[in-house]
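Peer 1: Structure below; questions to follow.
The values are calculated or read from the model by the stated rules, or taken from the named source; none is laboratory data. This structure is a prediction, so every number in the text was calculated from the model and none was measured. Cβ placement follows ideal geometry from the backbone for every residue including glycine, while neighbour counts extend to all protein chains displayed. Note: accessible area is taken over every heavy atom of the protein model, side chains too, but ligands, DNA and RNA are not part of it. Shrake-Rupley method; radii C 1.70, N 1.55, O 1.52, S 1.80 Å.
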Amino acid sequence: MTEKSHLPHFLGLGTQKGGTTTLHQLLASHPQVFLPACKEVHYFDLNHKRPVEWYAHHFDKAGKDQHCGEITPFYLYHPEAPRRIKALLPNVKLIVLLRDPVERALSQVFHARKRGFERLEPADALKAECKRLATKDPYSLQKHSYLSRSLYLEQLDRYEALFPSEQLLVMKSETFFEDPSGSWDNLQSFLELQPQKYQTNMAKANAGEPEGKTIDQLLRDILRKKLLATAIGVQKRYGFGWDWANKLK
(Lines give C-alpha, C1' and ligand atoms only; values in the text may rest on other atoms or scores of the structure.)
Protein backbone atom coordinates (compact mmCIF):
# COMPACT_ATOMS: atom_id res chain seq x y z
CA MET A 1 0.00 0.00 0.00
CA THR A 2 1.40 3.39 -0.99
CA GLU A 3 -1.45 5.83 -0.22
CA LYS A 4 -0.12 7.23 3.06
CA SER A 5 -2.82 9.91 3.09
CA HIS A 6 -5.27 7.18 4.09
CA LEU A 7 -3.42 6.48 7.31
CA PRO A 8 -3.73 8.50 10.54
CA HIS A 9 -1.92 11.73 11.23
CA PHE A 10 -2.70 11.31 14.95
CA LEU A 11 -3.78 8.71 17.49
CA GLY A 12 -5.55 9.06 20.82
CA LEU A 13 -3.81 6.46 22.99
CA GLY A 14 -5.87 6.70 26.17
CA THR A 15 -6.18 6.38 29.00
CA GLN A 16 -9.37 4.38 29.43
CA LYS A 17 -11.91 6.26 31.59
CA GLY A 18 -9.81 9.38 31.15
CA GLY A 19 -11.99 11.38 28.75
CA THR A 20 -11.25 9.80 25.37
CA THR A 21 -14.92 9.68 24.34
CA THR A 22 -15.21 13.42 24.89
CA LEU A 23 -11.90 13.87 23.06
CA HIS A 24 -13.34 11.94 20.12
CA GLN A 25 -16.48 14.10 20.01
CA LEU A 26 -14.47 17.30 20.29
CA LEU A 27 -12.07 16.40 17.48
CA ALA A 28 -14.94 15.17 15.31
CA SER A 29 -16.42 18.68 15.49
CA HIS A 30 -13.39 20.18 13.73
CA PRO A 31 -13.84 20.45 9.94
CA GLN A 32 -10.17 19.63 9.35
CA VAL A 33 -10.38 16.33 11.22
CA PHE A 34 -11.62 12.97 9.98
CA LEU A 35 -12.36 10.17 12.43
CA PRO A 36 -13.78 6.71 11.62
CA ALA A 37 -17.41 6.05 12.45
CA CYS A 38 -16.30 3.64 15.18
CA LYS A 39 -14.35 5.30 17.97
CA GLU A 40 -12.05 2.37 18.72
CA VAL A 41 -10.53 0.67 15.67
CA HIS A 42 -8.11 -1.47 17.73
CA TYR A 43 -5.75 -1.99 14.81
CA PHE A 44 -2.53 -1.96 16.83
CA ASP A 45 -3.82 -4.30 19.54
CA LEU A 46 -6.75 -6.65 18.87
CA ASN A 47 -6.70 -6.39 15.06
CA HIS A 48 -2.96 -6.28 14.43
CA LYS A 49 -3.03 -9.38 12.21
CA ARG A 50 -5.33 -7.71 9.70
CA PRO A 51 -3.72 -6.18 6.58
CA VAL A 52 -2.90 -2.49 6.54
CA GLU A 53 -5.46 -2.07 3.76
CA TRP A 54 -8.16 -3.03 6.28
CA TYR A 55 -6.96 -0.26 8.57
CA ALA A 56 -6.67 2.31 5.78
CA HIS A 57 -10.20 1.55 4.65
CA HIS A 58 -11.48 3.24 7.84
CA PHE A 59 -10.19 6.56 6.44
CA ASP A 60 -11.34 6.22 2.83
CA LYS A 61 -13.94 8.97 3.17
CA ALA A 62 -11.51 11.58 4.52
CA GLY A 63 -11.24 14.79 2.56
CA LYS A 64 -7.99 15.65 0.82
CA ASP A 65 -7.09 18.34 3.36
CA GLN A 66 -8.38 16.58 6.46
CA HIS A 67 -6.18 15.18 9.23
CA CYS A 68 -7.06 11.53 9.81
CA GLY A 69 -7.02 10.12 13.31
CA GLU A 70 -8.51 7.52 15.60
CA ILE A 71 -8.82 6.99 19.34
CA THR A 72 -8.35 3.59 20.96
CA PRO A 73 -7.64 3.74 24.73
CA PHE A 74 -6.18 0.22 24.79
CA TYR A 75 -3.18 1.44 22.78
CA LEU A 76 -1.61 3.14 25.79
CA TYR A 77 -1.66 -0.03 27.89
CA HIS A 78 -1.09 -2.76 25.31
CA PRO A 79 2.61 -3.76 25.50
CA GLU A 80 3.01 -4.35 21.75
CA ALA A 81 1.12 -1.29 20.49
CA PRO A 82 4.03 1.23 20.63
CA ARG A 83 6.30 -0.92 18.47
CA ARG A 84 3.54 -1.62 15.95
CA ILE A 85 2.60 2.06 15.72
CA LYS A 86 6.22 3.09 15.22
CA ALA A 87 6.65 0.56 12.40
CA LEU A 88 3.66 1.81 10.42
CA LEU A 89 3.33 5.45 11.51
CA PRO A 90 6.75 6.76 12.59
CA ASN A 91 5.69 10.42 12.35
CA VAL A 92 2.25 10.11 13.91
CA LYS A 93 1.21 12.52 16.68
CA LEU A 94 0.12 10.88 19.92
CA ILE A 95 -2.41 12.22 22.44
CA VAL A 96 -2.70 10.97 26.02
CA LEU A 97 -5.18 12.02 28.70
CA LEU A 98 -4.17 11.12 32.26
CA ARG A 99 -6.83 11.06 34.96
CA ASP A 100 -6.24 10.75 38.71
CA PRO A 101 -4.91 7.15 38.69
CA VAL A 102 -6.98 6.09 41.69
CA GLU A 103 -10.26 7.46 40.36
CA ARG A 104 -9.48 6.02 36.93
CA ALA A 105 -8.93 2.52 38.37
CA LEU A 106 -12.14 2.66 40.39
CA SER A 107 -14.09 3.96 37.41
CA GLN A 108 -12.84 1.06 35.30
CA VAL A 109 -13.99 -1.44 37.92
CA PHE A 110 -17.50 -0.02 37.94
CA HIS A 111 -17.46 0.26 34.15
CA ALA A 112 -16.57 -3.45 33.94
CA ARG A 113 -19.27 -4.42 36.44
CA LYS A 114 -21.89 -2.37 34.62
CA ARG A 115 -21.11 -4.04 31.30
CA GLY A 116 -20.85 -7.57 32.64
CA PHE A 117 -17.06 -7.92 32.36
CA GLU A 118 -16.68 -8.14 36.12
CA ARG A 119 -18.76 -10.04 38.70
CA LEU A 120 -16.59 -9.53 41.76
CA GLU A 121 -17.08 -6.71 44.22
CA PRO A 122 -14.64 -3.79 43.68
CA ALA A 123 -12.20 -4.72 46.46
CA ASP A 124 -12.17 -8.37 45.38
CA ALA A 125 -11.76 -7.46 41.72
CA LEU A 126 -8.70 -5.36 42.55
CA LYS A 127 -7.22 -8.16 44.66
CA ALA A 128 -7.76 -10.66 41.84
CA GLU A 129 -6.04 -8.52 39.22
CA CYS A 130 -2.47 -9.80 39.63
CA LYS A 131 -3.51 -13.45 39.46
CA ARG A 132 -5.70 -12.81 36.43
CA LEU A 133 -3.02 -10.92 34.52
CA ALA A 134 -0.42 -13.57 35.37
CA THR A 135 -2.34 -16.03 33.19
CA LYS A 136 -1.60 -13.86 30.13
CA ASP A 137 -5.25 -14.15 29.14
CA PRO A 138 -5.95 -11.45 26.49
CA TYR A 139 -9.46 -10.92 27.89
CA SER A 140 -8.18 -10.08 31.37
CA LEU A 141 -5.41 -7.94 29.87
CA GLN A 142 -8.10 -5.74 28.36
CA LYS A 143 -10.95 -6.01 30.87
CA HIS A 144 -9.39 -6.63 34.30
CA SER A 145 -6.27 -4.42 34.21
CA TYR A 146 -7.51 -1.93 36.79
CA LEU A 147 -4.43 -0.92 38.77
CA SER A 148 -2.08 -1.83 35.94
CA ARG A 149 -3.65 0.68 33.57
CA SER A 150 -3.14 3.39 36.17
CA LEU A 151 0.64 2.81 36.19
CA TYR A 152 1.08 5.57 33.65
CA LEU A 153 4.84 5.99 33.70
CA GLU A 154 5.57 2.41 32.65
CA GLN A 155 3.18 2.75 29.74
CA LEU A 156 4.50 6.11 28.62
CA ASP A 157 8.09 4.89 28.92
CA ARG A 158 7.42 2.50 26.04
CA TYR A 159 6.26 5.35 23.81
CA GLU A 160 8.92 7.82 24.84
CA ALA A 161 11.60 5.25 24.01
CA LEU A 162 10.36 5.18 20.41
CA PHE A 163 8.91 8.62 19.67
CA PRO A 164 10.43 12.11 20.12
CA SER A 165 8.77 14.36 22.69
CA GLU A 166 7.38 16.72 20.03
CA GLN A 167 5.12 13.91 18.79
CA LEU A 168 3.56 13.31 22.20
CA LEU A 169 0.97 15.49 23.97
CA VAL A 170 0.17 14.47 27.55
CA MET A 171 -2.77 16.26 29.13
CA LYS A 172 -4.44 16.10 32.54
CA SER A 173 -7.98 14.79 32.19
CA GLU A 174 -9.32 16.99 34.95
CA THR A 175 -7.93 20.12 33.26
CA PHE A 176 -9.39 18.93 29.97
CA PHE A 177 -12.84 19.14 31.59
CA GLU A 178 -12.28 22.13 33.89
CA ASP A 179 -10.68 24.32 31.19
CA PRO A 180 -12.00 22.85 27.93
CA SER A 181 -11.38 26.01 25.93
CA GLY A 182 -7.71 26.24 26.88
CA SER A 183 -7.21 22.52 26.40
CA TRP A 184 -8.87 22.74 23.00
CA ASP A 185 -6.48 25.50 21.96
CA ASN A 186 -3.48 23.41 23.01
CA LEU A 187 -4.81 20.39 21.19
CA GLN A 188 -5.42 22.30 17.96
CA SER A 189 -1.94 23.79 18.11
CA PHE A 190 -0.37 20.37 18.65
CA LEU A 191 -2.23 18.90 15.67
CA GLU A 192 -1.56 22.01 13.55
CA LEU A 193 -5.24 22.61 12.93
CA GLN A 194 -6.81 25.92 11.99
CA PRO A 195 -8.11 27.35 15.28
CA GLN A 196 -11.79 26.78 15.93
CA LYS A 197 -13.63 28.22 18.91
CA TYR A 198 -14.60 25.73 21.58
CA GLN A 199 -18.29 24.87 21.45
CA THR A 200 -19.65 25.74 24.88
CA ASN A 201 -22.55 23.32 24.43
CA MET A 202 -20.18 20.35 24.11
CA ALA A 203 -21.38 17.82 26.71
CA LYS A 204 -19.08 15.60 28.75
CA ALA A 205 -19.43 12.17 27.17
CA ASN A 206 -19.32 8.77 28.82
CA ALA A 207 -19.21 10.28 32.29
CA GLY A 208 -17.55 8.32 35.08
CA GLU A 209 -19.51 5.72 36.96
CA PRO A 210 -21.44 7.40 39.84
CA GLU A 211 -20.89 4.35 42.07
CA GLY A 212 -17.27 5.43 42.45
CA LYS A 213 -18.37 8.29 44.70
CA THR A 214 -19.74 5.84 47.26
CA ILE A 215 -16.64 3.65 47.48
CA ASP A 216 -15.27 2.87 50.94
CA GLN A 217 -12.68 5.53 51.77
CA LEU A 218 -10.38 2.85 53.15
CA LEU A 219 -10.16 1.24 49.71
CA ARG A 220 -9.48 4.59 48.11
CA ASP A 221 -6.70 5.25 50.65
CA ILE A 222 -5.13 1.85 49.94
CA LEU A 223 -5.12 2.59 46.22
CA ARG A 224 -3.59 6.02 46.79
CA LYS A 225 -0.66 4.46 48.63
CA LYS A 226 -0.18 1.91 45.83
CA LEU A 227 -0.32 4.58 43.15
CA LEU A 228 1.57 7.33 44.97
CA ALA A 229 4.79 6.75 43.02
CA THR A 230 2.86 7.08 39.77
CA ALA A 231 1.20 10.33 40.83
CA ILE A 232 4.50 11.84 42.00
CA GLY A 233 6.26 10.66 38.85
CA VAL A 234 3.64 12.21 36.59
CA GLN A 235 4.02 15.52 38.40
CA LYS A 236 7.80 15.49 38.00
CA ARG A 237 7.74 14.44 34.36
CA TYR A 238 4.73 16.33 32.97
CA GLY A 239 4.24 19.17 35.43
CA PHE A 240 0.77 18.33 36.71
CA GLY A 241 -0.60 16.13 39.45
CA TRP A 242 -3.32 15.52 42.00
CA ASP A 243 -3.62 17.15 45.44
CA TRP A 244 -3.82 13.92 47.44
CA ALA A 245 -0.36 12.90 46.26
CA ASN A 246 1.25 16.01 47.74
CA LYS A 247 -0.41 15.27 51.07
CA LEU A 248 0.97 11.72 51.15
CA LYS A 249 4.57 12.56 50.24
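Peer 1: How about Lys64: which lysines have a C-alpha closer than 16 Å to its C-alpha, ignoring those fewer than 8 places off in the same chain?
Peer 2: Result set, ordered by chain and number: Lys4.
Peer 1: Identify the GluC sites (Glu not before Pro) of segment 28-88 meeting these criteria: DSSP loop state and at most 12 other C-beta atoms within 10 Å of the C-beta.
Peer 2: Values: sites: Glu40, Glu53, Glu70, Glu80; in loops: Glu40, Glu80.
Sites meeting the loop and neighbour criteria: Glu80.
Peer 1: First check a/c for segment 22-75, with a ≥ b ≥ c the square roots of the eigenvalues of its C-alpha gyration tensor; if it is under 1.5, answer rounded, and if not, answer prolate when a/b is larger than b/c or oblate otherwise. Write out the running numbers ahead of the final one.
Peer 2: On the way: a/c = 3.03, a/b = 1.36, b/c = 2.23.
Verdict is oblate for segment 22-75.
Peer 1: Gap in Å between the Cα centre of segment 147-179 and the Cα centre of segment 21-61?
Peer 2: Taking the Cα centre of each part, segment 21-61 and segment 147-179 sit 20 Å apart.
Peer 1: So what are the ³J(HN,Hα) numbers for segment 10-27, from phi and the Karplus equation (6.51, -1.76, 1.60; θ = phi - 60°), rounded to whole Hz, Gly and Pro as x?
Peer 2: Along segment 10-27, the couplings run 8, 9, x, 8, x, 8, 4, 6, x, x, 5, 5, 5, 4, 4, 5, 5, 5 Hz.
Peer 1: Excluding ligands, DNA and RNA, what is the solvent-accessible area per residue of the chain at a probe of 1.4 Å, expressed in Å²? Before the final figure, lay out each step's value.
Peer 2: Working: 12430 Å² over 249 residues.
Computed with neighbouring chains in place, this is 50 Å² per residue.
Peer 1: How about segment 84-182: which trypsin sites (Lys or Arg not before Pro) there are in a DSSP loop, with at most 12 other Cβ atoms within 10 Å of their Cβ? Don't skip to the answer; put the middle values down first.
Peer 2: On the way: sites: Arg84, Lys86, Lys93, Arg99, Arg104, Arg113, Lys114, Arg115, Arg119, Lys127, Lys131, Arg132, Lys136, Lys143, Arg149, Arg158, Lys172; in loops: Arg99, Arg115, Arg119, Lys136.
When the trypsin sites (Lys or Arg not before Pro) of segment 84-182 are filtered for loop state and at most 12 Cβ neighbours within 10 Å, Arg115, Arg119, Lys136 remain.
Peer 1: Rounded to the nearest percent, how much of the accessible area of the chain (1.4 Å probe, protein heavy atoms only) is carbon and sulfur? Please report the intermediate quantities before stating the final value.
Peer 2: Working: 6440 of 12430 Å².
Answer for the chain is 52 percent, counting heavy atoms of protein chains only.
Peer 1: Under a plain spin-label model, where a point goes 7 Å from the Cα along Cα-to-Cβ, how far apart in nm are Asp157 and Arg237?
Peer 2: Simple spin-label model gives 0.8 nm for this pair.
Peer 1: Compute the angle between helix 101-114 and the longest alpha-carbon principal axis of the chain, please, reported from 0 to 90 degrees and rounded to the nearest 10.
Peer 2: On a 0 to 90 degree scale, this one is about 90.
Peer 1: Let me ask something else. Beyond 25 Å between alpha-carbons counts as too far, so tell me which of Lys49/Lys93; Lys17/Lys114; Lys17/Lys93; Lys136/Lys236 fall in that bin.
Peer 2: Beyond 25 Å: Lys136/Lys236.
Peer 1: Follow-up. State the antiparallel share, in %, of DSSP beta bridges confined to the chain, rounding to the nearest 5. Could you put the intermediate results ahead of the total?
Peer 2: Numbers: 0 of 14 bridges.
In the chain, approximately 0 percent of DSSP beta bridges are antiparallel ones.
Peer 1: So what does log10 I(q)/I(0) come out to for the chain at q = 0.09, 0.13, 0.17 Å⁻¹, using the Debye formula with one equal point on every Cα and no solvent?
Peer 2: Here the Debye-derived log intensity ratios amount to -0.39, -0.83, -1.40.
Peer 1: On a straight-distance basis, which aspartates and glutamates could pair with Lys127 in a cross-link, Cα separation under 18 angstrom, same-chain partners fewer than 8 positions away excluded?
Peer 2: Qualifying aspartates and glutamates at Cα under 18 Å: Glu103, Glu118, Asp137, Asp216, Asp221.
Peer 1: May I ask for the Kirkwood hydrodynamic radius of segment 35-113, worked out over all distinct Cα pairs and given in angstroms to one decimal?
Peer 2: Values: mean 1/r = 0.0699 Å⁻¹.
After inverting the pairwise mean of 1/r, the radius is 14.3 Å.
Peer 1: Please state, to two decimals, what the Cα-based radius of gyration of segment 114-174 comes to when divided by 2.2 N^0.38 Å (N = residues). Intermediate results must be reported in sequence, preceding the final value.
Peer 2: Details: Rg = 14.7 Å, N = 61, 2.2 N^0.38 = 10.5 Å.
Normalised Cα radius of gyration, segment 114-174: 1.40.
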